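Shown next, in structure tokens, is the structure this report addresses.
The values are calculated or read from the model by the stated rules, or taken from the named source; none is laboratory data. What you see is a predicted model, and the numbers here were worked out from it, not measured in a lab. Every residue, glycine among them, receives a Cβ derived from its backbone with ideal geometry; neighbour counts consider all protein chains shown.
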Amino acid sequence: MFSKKPVPAYTASPAAGSGRLANARVAVLTAVQNPWIGSGGAGLLFLLTLTALVAITGDPKAGAPTVRISLAKAAASGAAVPGWRESLSPEASEAPLTTGVYALSEGPIPLVDSGPIGGSAFITLPGGGASEASPGQPLQVAPFAGLTEPGPGGAPLPVIGPDGRTPAEAYARPFTPNGKPRVALVVGGLGLNAVLTRRAIETLPPEITLSFAPYAEGLQGWIDLARANGHEVLLEAPMEPADYPQNDPGPMTLLAAGRPEETVRKLEWLLSRATGYYGLTNYLGSRFLATPTAMSAFSGALKARGLAFIDDGAAAGKGAGPVRASANRVIDDDLSAEAINQQLAALEAAARGKGQALGSGFAYPVTVDQAAIWARGLGERGFQLAPASALARR
């Protein structure tokens, strides 16, 4: 028994039509059987469908308000300083700093958590117009005319101006007392860790004084950024500790037994690392600070250049000549939030009794965090937050 041979699905039958219509149908069905033409047709159909969907739905966020976060202010303050952008780059594990545009929603702005963002925040709405929120009144870009001279290798050194104006006066943060007890805080060790340095600059109130290590890469960029955020700046002078050389502060350490001219030579190298600081602070230095001849050479050199000296308390009553202030206490010898809060409370008590008090700390994350929290409620507790320069005197 023979079975009927099946007819291919796309073969035209006489009933399908005749003439031109039948011939066209045969041609189309034959072409569809070609795998290359079939695949191309399917792809074209997919693209047409996708285009139609986009045209129908559109961009759901089109026309929504945006937040533009810009580092223009930092760029303006450091554009003339080579390497300032590199110094602001975060650690390798973080994304680079850029200008970003983010959509607004009903809740918090969904920014990526990569640390505080510097510069100014511009909020642009569909109706036009913008509002600006600044982290602190910026200080004028340094150096000021007439306050520098060429130093080692051509780098600028601070000098007293022709009109008698000193760098200590020019680069200090302006301060107007309101009659309340004054409390100041210096946070140091900045410039060596990009993440922690940026965090301190951008989260601490501008009244808090910041001090920078002279060995920091891109030091001038960091100082410019700090001043752009309203902070006055100190430069750290590495000084010989009691257990030197086991504990070595680094190259160009000021030595207690050094000749006066050697102390001045090293000091000039340190001072020529950047500009815009109003004075120096000590890094270590228990032996150097306790040596009268060493302190005499150091203090004389600072006075001649119109700089202040703010120490961490180790040099209280030492070093006559330059504008001076000594910290009443170091707030973070014990690295716990509770211990730091206790030290800050003790600082307030000292200010209440004497009218002013100065604290010193290092840029540990816990120190920066607790200092920022403490400073926010200082005015409500009856105190005025002041820059360290406001507590200094000759």
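For the range 274-290, give me each residue that is outside any strand (DSSP E or B), of a type in the set (A, V, I, L, M) and surrounded by 20 or more Cβ atoms within 10 Å (Cβ to Cβ).
Within the range 274-290, Ala274, Leu289 meet the criteria.
Picking from Pro205, Pro238, which residue would you name as being surrounded by fewer than 20 Cβ atoms within 10 Å (Cβ to Cβ), touching a Gly at 6+ places or on another chain (Cβ under 8 Å) and closer than 24 Å to Gly359 by Cβ?
One residue alone meets the criteria, Pro205.
For residues that are modelled with pLDDT of 95 or more and either touching a Ser or Thr at 6+ places or on another chain (Cβ under 7 Å) or buried (at least 20 other Cβ atoms within 10 Å of the Cβ) (or both), tally how many sit in the range 144-169.
Counting residues in the range 144-169 that are modelled with pLDDT of 95 or more and either touching a Ser or Thr at 6+ places or on another chain (Cβ under 7 Å) or buried (at least 20 other Cβ atoms within 10 Å of the Cβ) (or both) gives 9.
Could you tell me whether any residue of the range 327-346 is closer than 25 Å to Tyr171 by Cα and outside any loop (DSSP other than H, G, I, E, B)?
Checked against the condition, which is being closer than 25 Å to Tyr171 by Cα and outside any loop (DSSP other than H, G, I, E, B), the range 327-346 yields at least one hit.
Collect the residues in the range 291-321 that are among the β-branched types (Val, Ile, Thr) and either crowded, with 22+ Cβ neighbours inside 10 Å or not assigned by TED's automatic domain parsing to the domain that holds Ala168 (or both), keeping them in residue-number order.
Of everything in the range 291-321, just one residue is among the β-branched types (Val, Ile, Thr) and either crowded, with 22+ Cβ neighbours inside 10 Å or not assigned by TED's automatic domain parsing to the domain that holds Ala168 (or both), namely Ile310.
Where the second residue is surrounded by fewer than 18 Cβ atoms within 10 Å (Cβ to Cβ) and at pLDDT 95 or above and the first is over 19 Å from Arg265 (Cα atoms) and of a type in the set (Gly, Ala, Ser) and lies in the range 138-153, which pairs have Cβ atoms under 6 Å and are six or more apart or on separate chains?
The qualifying pairs are Gly146/Gly161; Gly146/Pro162.
If Ala301 passes every condition in (1) over 19 Å from Ile208 (Cβ atoms); (2) in contact (Cβ under 8 Å) with a residue 12 or more places away in the chain; (3) touching a strand residue (DSSP E or B) at 6+ places or on another chain (Cβ under 8 Å) but one, which one does it miss?
Going through the list (1) over 19 Å from Ile208 (Cβ atoms); (2) in contact (Cβ under 8 Å) with a residue 12 or more places away in the chain; (3) touching a strand residue (DSSP E or B) at 6+ places or on another chain (Cβ under 8 Å), Ala301 breaks only (3).
Can you tell me which of Pro245, Pro241, Pro174, Pro205 is within 14 Å of the chain's Cα centre (by Cα), in the same structural domain as Arg329 (by TED's automatic domain parsing) and assigned to a loop (DSSP other than H, G, I, E, B)?
Pro205
Filtering the range 379-394 down to residues that are crowded, with 21+ Cβ neighbours inside 10 Å and among the aliphatic types (A, V, I, L, M), which residue is modelled with the lowest pLDDT?
Selected residue: Ala392.
Any chance the range 355-363 includes a residue that's closer than 18 Å to Ala386 by Cα and without any contact (Cβ under 8 Å) to a residue 24 or more places away in the chain?
No: zero hits.
Would you point out which residue out of Leu254, Leu271 is buried (at least 24 other Cβ atoms within 10 Å of the Cβ) and within 19 Å of Ala170 (Cβ to Cβ)?
Exactly one of Leu254, Leu271 is buried (at least 24 other Cβ atoms within 10 Å of the Cβ) and within 19 Å of Ala170 (Cβ to Cβ), namely Leu271.
Quick grid of which residues meet (1) assigned to a strand (DSSP E or B); (2) modelled with pLDDT of 95 or more; (3) touching a Pro at 6+ places or on another chain (Cβ under 6 Å):
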| residue | (1), (2), (3) |
| --- | --- |
| Gly313 | no, no, no |
| Ala316 | no, no, no |
| Ala320 | no, no, no |
| Gly359 | yes, yes, no |
| Asp369 | no, yes, no |
| Trp374 | no, yes, no |
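Is it the case, given these coordinates, that Arg324 is closer than 22 Å to Asp243 by Cβ, of a type in the set (Lys, Arg) and either touching a residue at least 60 places away in the same chain (Cβ under 8 Å) or surrounded by fewer than 19 Cβ atoms within 10 Å (Cβ to Cβ) (or both)?
no
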